[in-house]
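Taken together, the values in this text are just the output of simple stated rules run on the coordinates, not laboratory data. Bear in mind the structure is a predicted one, so any value in this text is a computation, not a measurement. Glycine gets a Cβ as well: all are built from the backbone with ideal geometry, and neighbour counts include every protein chain shown.
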Amino acid sequence: MEEFKDKVAVVTGGAQGIGKCIADEFSKAGARVCVIDIQPGNHYVGDLADKSVLEDFARKVIQEHDKVDFLINNALPVMRGIDSCSYEEFQYALSVGVTAPFYLSKLFAPYFAKGAAIVNISSSRDRMSQPQTESYTAAKGGIAALTHALAVSLAGKVRVNSISPGWIDTSYTVYTGPDAIQQPAGRVGNPMDIASMVLYLCSDKAGFITGENICIDGGMTHQMIYHGDNGWSLQD
């Protein structure tokens, strides 16, 4: 994709899983990729919940590249439920999942290049839940709402969209039976399903799309499943 050549893409949580796939795809397309992750590796290592880390990372990106074309807020917040989640853990999840995307957008705001785009990775949990997932679900709902707020505030300067992945298997396992057929697409998702949409939303082809949340879940959130449907049964 020639349009990404020498563009600067920042990816949070880019050391593994979906984030790594996104970073790799940008790199293959010729972009210069800046990754921040708490996991050790050949990237900026730091905790996104730490304000000073965000400021130092942003400073180094600008010192090295002078601009940012794409900001992908992908880092995962911790998942804890109401029975076990402490006040501090809940705050930490929001810091990683909502505050960091906001603050990085703010830090990079003066340096976004013409045609820049932000893509926030939310989750289908922004509209549905499992028990005991409050910290993660609240953070993902927050970043989905942050998306349309930023899109309005940055109108004419940066397009801002979000993606809500459903079941994405980062090991590319091929599932059969009920795990596959409960989803209208007939399969479980993989990181390329998300990375492909990220690159599309950052491309000129998506130039009229901003403030949107795109759910990529194989149709799972639209299919009602009752006891006995699609090989599933309710057990006590």
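Things worth noting here:
- Normalised by the number of residues in region 1-61, the average gap of Cα pairs under 8 Å and 6 or more apart makes the relative contact order 29 percent.
- Estimated [θ] at 222 nm from DSSP helical runs (n ≥ 4, -39500 (n - 2.57)) normalised by residues in the chain, nearest 500: -10500 deg cm²/dmol
- Take every pair of alpha-carbon atoms less than 8 Å apart whose residues are at least six positions apart; their mean separation over the length of region 121-236 yields a relative contact order of 31 percent.
- Separation of alpha-carbon centers, region 78-142 and region 171-212, rounded to whole Å: 20
- Pairwise Cα distances in region 45-168 exceed 18 Å in 53 percent of cases.
- Alpha-carbon Rg/Rh ratio, for region 2-231, with Rh computed the Kirkwood way: 0.97
- Considering only alpha-carbon pairs that sit under 8 angstrom and 6 or more positions apart, the relative contact order computed for the chain is 18 percent.
- With neighbours defined as other Cβ atoms within 10 Å of a residue's Cβ, the residues L146, L154 order from fewest to most as L154, L146.
- Spin-label pair W167-Q16: with each label point 7 Å from Cα along the Cα-Cβ axis, the two points sit 2.2 nm from one another.
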